[in-house]
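One structure is given here, and the rest of the page talks about it.
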Amino acid sequence: MKNLLVLIALSFLTPLVSAQTTYPLYGNDPIPNSIDVPDEEKSETSADGILRISKVTKPTLTAYLPSKEKATGQAVIVCPGGGYTILAASHEGSDVAEEFVKKGIAAFVLKYRLPSDETMIDKTIGPLQDAQQAILMVRENAGKWNIKQDQIGIMGFSAGGHLASTAGTHYNNQTIPNPKGTSLRPDFMILVYPVISFDPEIGHSGSAKNLLGESPTEALRDYYSNEKQVNSLTPPTYFVHAKDDRVSIQNSYVFEEALKKLNIPVATTYYEEGGHGFGMINRTSEIRWMDEVERWMKTF
């Protein structure tokens with residue numbers, strides 16, 4: 001009798017559990033812009049409970065799908081942060097995806113390649129290739145995954161925010177094969193304590209160095225300073241940032257200003273305190289930005 005009750009209880013819980021599947025980002029095709037090297041990827045969970053993945057050379061996309069009954073039709077591709085050195089894959093990846101699923105929103109955690117001259121022909125475009133491929137994969141499989149093709153957003157934390165904002169401003173620079181001409185433009189962006197600019201005055205020097213190298217040209221630095229790449233079709237954007245963040249909140253401010261000049265919808269949760277890397281929960285405030293983002297997404 002006890003086992004029967006457990007099974008009944010589990011049957012009620014099932015719709016809340018996401019169907020989670022990990023896909024090779026490029027399927028069986030060769031990974032573009034890659035040098036054939038041994039796979040040295042490493043995953044470590046530190047004392048603070050954060051899963052950090054390093055030396056990623058084989059990118060994947062992990063799908064977290066709500067039940068068909070609960071699905072809103074919206075989807076978010078999640079890019080963890082880590083300074084383009086590691087991926088903070090739990091509190092800025094899988095944990096966030098699971099929270100979206102509770103809200104009926106499909107989520108896809110992108111394990112993107114980390115820029116390296118040893119593993120890439122051109123490391124400056126490697127992460128962007130993976131972000132564009134993720135958008136292509138989700139859009140081309142939208143019907144199968146109960147997703148609306150015009151409701152696919154991208155989210156990034158810290159350096160993952162730089163990657164997400166690069167996808168949102170450089171979508172016309174197609175860096176991957178796209179035989180069907182699928183749109184690589186995300187429909188919205190959610191940028192959480194993002195690196196945006198590589199202007200030495202406000203940018204994050206570590207992320208810039210890892211992506212662009214020791215001595216990038218001014219033109220290359222400007223090209224990846226995404227506040228300088230905004231146009232009238234740049235997607236609506238939600239910003240989350242703390243004013244005491246070591247990744248200067250000016251990164252969000254300059255991008256927000258560029259968007260507003262072109263009347264692109266913007267929403268924000270700016271905290272007085274919280275520092276960097278707090279993930280979904282800023283313990284200095286009762287405001288839960290994920291709930292604010294959900295409300296914002298319902299306006300589309």
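The values are calculated or read from the model by the stated rules, or taken from the named source; none is laboratory data. Just so it is clear, the structure is predicted and the values come from calculations on it, not from any experiment. Quick reminder, even Gly has a Cβ in these numbers, built from the backbone with ideal geometry, and neighbours come from all protein chains shown.
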Answer from 294, 286, 273 - the residue that is within 25 Å of residue 94 (Cα to Cα), charged (D, E, K, R) and within 17 Å of the chain's Cα centre (by Cα): 294
For segment 229-243, check the following and say yes or no: at least one residue is under 21 Å from residue 277 (Cβ atoms), modelled with pLDDT of 95 or more and among the charged types (D, E, K, R). yes
I'm trying to understand the selection: among the residues of segment 177-215, which are of a type in the set (Gly, Ala, Ser), touching a residue at least 12 places away in the same chain (Cβ under 8 Å) and assigned to a helix (DSSP H, G or I)? 206, 207, 208
If we keep just the residues of segment 118-151 that are in a helix (DSSP H, G or I) and of a type in the set (Asp, Glu), which is nearest to residue 34 (Cα to Cα)? 130
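Out of 100, 108, report the one residue that is outside any helix (DSSP H, G or I) and closer than 19 Å to residue 187 by Cα.
From the options 100, 108, the qualifying one is 108.
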Check off (1) of a type outside the set (D, E, K, R); (2) in contact with an Asp or Glu (Cβ under 9 Å, 6 or more places away or on another chain); (3) over 21 Å from residue 23 (Cα atoms) for residue 152 and give me the number that stays unchecked. (3)
Selection over segment 67-85 where residues are part of a loop (DSSP other than H, G, I, E, B) and touching a Leu at 6+ places or on another chain (Cβ under 9 Å) yields a count of 8
In segment 180-220, what residues are closer than 28 Å to residue 292 by Cβ and touching a Lys or Arg at 6+ places or on another chain (Cβ under 7 Å)? 183
Tally time: how many residues in segment 251-300 are on the phi > 0 side of the Ramachandran plot and touching an Asp or Glu at 6+ places or on another chain (Cβ under 9 Å)? 4
Any residue at all in segment 284-293 that's in a helix (DSSP H, G or I) and among the β-branched types (Val, Ile, Thr)? yes
It is to be established whether one or more residues within segment 139-154 are buried (at least 24 other Cβ atoms within 10 Å of the Cβ) and more than 18 Å from residue 62 (Cα to Cα). no
Identify the residue in segment 229-260 that is over 22 Å from residue 153 (Cβ atoms) and basic (Lys, Arg) and, among all such residues, is surrounded by the fewest Cβ atoms within 10 Å (Cβ to Cβ). 246
Within segment 221-250, considering residues that are in contact with a helix residue (DSSP H, G or I) (Cβ under 6 Å, 6 or more places away or on another chain) and assigned to a helix (DSSP H, G or I), the one farthest from residue 293 (Cα to Cα): 222
From 62, 45, which residue is farther than 23 Å from residue 139 by Cα and hydroxyl-bearing (Ser, Thr, Tyr)? 45
If residue 37 meets every condition in (1) in a loop (DSSP other than H, G, I, E, B); (2) crowded, with 19+ Cβ neighbours inside 10 Å; (3) of a type in the set (A, V, I, L, M) apart from one, which number is that one? (2)
